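Asker: My questions will all concern the structure given below.
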Amino acid sequence: MTLYNYLATDDSGKAIKGSLDAASEADAIEELKRKHLRPLSVVPGKKSNSSLSGLFGHGGKVKADDLVIFTRQLSAMVGAGVPLIRSLNSLGEHSESPALKAILVAIVKEVEGGMPLGDALAKHPRTFSDVYVNMVRAGEAAGILDEILKRLAIQQEKNASMRKKIKSAMTYPMILMVITVAAFFGLMLFVIPQIGKIITDLGGADAELPPLTQIMLGLSAFILSWWFILIPLLVGGVMLVLRYIRTPAGRKKFHQLTLRIPAINTIIRKVVVARFARTFSALNGAGVSILETMTVTAHALGNVVYEEALLAAVDKVKNGKQLSQVMEDDGLYPAIVSQMLAVGEETGQTDTVLVKVAEFYEEEVDVAIAGLSSIIEPIMIVIMGSAVGLIAASVMGPIAGIANQIGG
């Protein structure tokens, strides 16, 4: 990935400078267009190498927990009347994150030069998301920055908690899958050839082996002969698939596929709905305009299918249509979301209503993940047991036959 410095204008014609990571200049331009920015200049900067910089204690990515702590502390200090620059300096000096400390030094310089905090944060898109930046800008404009930062901290904590639960649920089955594949290749490369030799020695070269045994011995011989090609092909194939998924087209197809997989699609839909409700509520409550709220929320959903649908809804809302009606027509969201949103639109309490929706679906995600984990674990154990049982059956069958012949 390469770091690109850009100069662009937004819908109001305001010039915006910043930087972002992208695989190529074309990808950087495409990313800017997705953010509704018109690029004027996109220049390659230094190669991003966060892993090496993090290794030596400089730069790197700011952890979600560090960002939450920073946001809460900044909210408390601003709310207590501590000047903004003094608050940022103090937090930078006491931060345990070298990456965040370096970013805060740069932000302090920008703010001291007269730049609004929101614009200074926007220069560090890898750390401060569009949601974060827009909420800070709205808080500055309304004079309620401390309250907005509290909302941001809560939102980040919820998002981080959800990500941790999903990662935790997927860790166990992934480990079992790796163990299963490693065990299969280990048996095929080292165990089956030796057992095949023993069977041949006991039964003779002309001994008739069961079809299953012949298949396993043939597969073992094939893998043993071509392992130096098969293993690189397998690893290369996985890397190519992962690389394709990172492209816009591959990412879209992958997200479309996941929405068709039973059990998985239910969790993904609930995660997206919870993320939509909490992000939309936070931005709307901060006083961000409805169209800007929709655009920023769309980029925060984490699923291209839902992102494109919400961006397409922006034009419909521009033409006077209610967002609740648009979401009901899309069919991507549960009926309760559009109904609750309609109530919020009628009462003028959209942010309050959507917080309730977010809390409900976050609890639903917890239940769905726990249910999926309880299903995945026995399935993976059955798969591992079946693989071992298949190999055992192919080996024990001929050995038992030879033993009966010797006994007879």
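Computed from the coordinates by the stated procedures, all read-outs in this text should not be read as laboratory data. Since the model is a prediction, treat every value here as computed from it, not as a measurement. Ideal geometry is used to build each Cβ from the backbone, glycine not excepted, and the neighbour counts take in all protein chains shown.
Asker: Which semi-axes, in whole Å and largest first, does the equivalent ellipsoid of the stretch 132-210 have when worked out from the alpha carbon gyration tensor as the square roots of 5 times its eigenvalues? Provide the component values of the computation, followed by the final result.
Answerer: Details: eigenvalues 851, 16, 10 Å².
Sorted largest first and rounded, they come to 65, 9, 7 Å.
Asker: Taking the Cα centre of the stretch 126-272 as origin and charging only Cβ (+1 Lys, Arg; -1 Asp, Glu), how large is the dipole, in debye to the nearest 20?
Answerer: The calculation lands at about 960 debye.
Asker: Over the chain, calculate the relative contact order: mean separation of alpha carbon pairs under 8 Å at least 6 apart, over the residue count, as a percent.
Answerer: On the way: 424 pairs, mean separation 56.1, N = 408.
About 14 percent, as a whole number.
Asker: Taking amide H positions as placed in the peptide plane 1.01 Å from N, state which residues far from L40 in sequence (5 or more) or on other chains have amide H under 5 Å from it.
Answerer: Counting only residues 5 or more places away or on other chains, the set is L7, A8, T9.
Asker: Going by how many other beta carbons lie within 10 Å of each one, how would you line up V235, V353, fewest first?
Answerer: Working: V235 10, V353 20.
Neighbour counts put them in this order, fewest first: V235, V353.
Asker: Report D for the chain in µm² per second (integer): Stokes-Einstein, Kirkwood Rh on Cα pairs, 10 °C, 1.306 mPa s. If you can, show how the numbers build up before the last one.
Answerer: Numbers: Rh = 25.3 Å.
Estimated diffusion coefficient is 63 µm²/s.
Asker: I need D27, D201 ordered by Cβ neighbour count within 10 Å, fewest first.
Answerer: Details: D27 18, D201 11.
Lowest to highest Cβ neighbour count: D201, D27.
Asker: For the stretch 193-198, just list the computed ³J(HN,Hα) in residue order, Karplus coefficients 6.51, -1.76 and 1.60, θ = phi - 60°, integers in Hz, with x standing in for Gly and Pro.
Answerer: x, 5, 5, x, 5, 5
Asker: Can you tell me the order of 82-90, 141-149 when each peptide is scored by its average per-residue count of other Cβ atoms within 10 angstrom, highest first? Each step should come with its number before you reach the end.
Answerer: Numbers: 82-90: 15.3, 141-149: 17.3.
Ranked from most to least packed, the peptides come out as 141-149, 82-90.
Asker: Take Q325 and A142, extend 7 Å from each Cα along the Cα→Cβ direction, and tell me the distance between the two endpoints in nm.
Answerer: Placing both labels 7 Å beyond Cα along the Cβ direction yields 2.7 nm.
Asker: Dipole size in debye (nearest 20) for the stretch 1-48 around its Cα centre, Lys and Arg Cβ +1, Asp and Glu Cβ -1?
Answerer: On the way: 8 positive and 7 negative charges, 32 e Å.
Dipole of the stretch 1-48, to the nearest 20 debye: 160 debye.
Asker: To the nearest 20 Debye, how big is the dipole of the chain about its Cα centre, given +1 on the beta carbon of each Lys and Arg and -1 on that of each Asp and Glu?
Answerer: Details: 39 positive and 38 negative charges, 145 e Å.
I would put it at about 700 debye.
Asker: Tell me, how many Å apart are the Cα centres for the stretch 114-182 and for the stretch 269-283?
Answerer: 13
Asker: Oh, and also: Two-decimal Rg/Rh of the stretch 227-313 from alpha-carbon positions, Kirkwood Rh?
Answerer: Values: Rg = 17.2 Å, Rh = 14.9 Å.
Taking Rg over the Kirkwood Rh, I get 1.16.
Asker: On to the next question. Pop the C-beta distance of Q256 and I85 into the FRET formula with R0 = 56 Å and round what comes out to the nearest 0.05.
Answerer: 0.75
Asker: Got a sec? How would T295, T2, T347 order by Cβ neighbour count within 10 Å, fewest to most? Provide the component values of the computation, followed by the final result.
Answerer: On the way: T295 22, T2 16, T347 10.
Starting with the residue having the fewest Cβ neighbours, the order is T347, T2, T295.
Asker: Another question about this same structure. I'd like to know how the stretch 1-48 sits against the 2.2 N^0.38 Å rule of thumb: what's its Cα Rg over that expected value? Each step should come with its number before you reach the end.
Answerer: Values: Rg = 10.0 Å, N = 48, 2.2 N^0.38 = 9.6 Å.
Taking N as the residue count of the stretch 1-48, the ratio is 1.04.
Asker: Moving on to the next point. Would you work out which of L84, G113, Q325 lies farthest towards the positive end of the dipole of the chain? Charges go on Cβ: Lys and Arg +1, Asp and Glu -1.
Answerer: Ranked along the dipole, the leading option is G113.
Asker: Can you run phi through the Karplus equation (6.51, -1.76, 1.60; θ = phi - 60°) for the stretch 223-229 and list ³J(HN,Hα) in whole Hz, with x for Gly and Pro?
Answerer: 5, 5, 7, 10, 4, 5, 9
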